């Protein structure tokens with residue numbers, strides 16, 4: 001499925017976040033979200049240290065993938081709230 005969203009979630013294919021199946025998880029729950037996987041987002045130091053994604057170009061990172069998914073969902077909800085007002 002290809003979504004064109006008002007919220008863009010990006011991640012590197014080499015980051016642990018790539019293991020989460022973010023596209024399937026997020027685009028199903030939030031149809032307004034587009035998930036993009038890149039070869040590299042140019043933030044090599046962070047990518048090697050912990051899971052992270054960009055949500056509308058804001059860095060979201062966590063100690064583990066479960067925490068990351070919770071944080072990403074919260075940021076998506078905030079972004080959608082901003083656009084709905």
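As a summary of the residue check, residue 28 satisfies the conditions (1) under 13 Å from the mean Cα position of the chain (by Cα); (2) surrounded by fewer than 15 Cβ atoms within 10 Å (Cβ to Cβ) except for the one numbered (1). Among the residues of the range 31-45, write down those that are surrounded by 15 or more Cβ atoms within 10 Å (Cβ to Cβ) and in a helix (DSSP H, G or I). Residues satisfying the conditions do not exist here. For the range 61-72, the candidate set comprises residues that are in a helix (DSSP H, G or I) and surrounded by fewer than 16 Cβ atoms within 10 Å (Cβ to Cβ); within that set, the residue that is nearest to the chain's Cα centre (by Cα) is 70.
FYI, it's all coordinate maths here, none of it is from the lab. Just so we're clear, the structure is a prediction, and the values are computed from it rather than from any experiment. With ideal geometry, Cβ positions are generated from the backbone for all residues, glycine too; neighbour counts draw on all protein chains shown.
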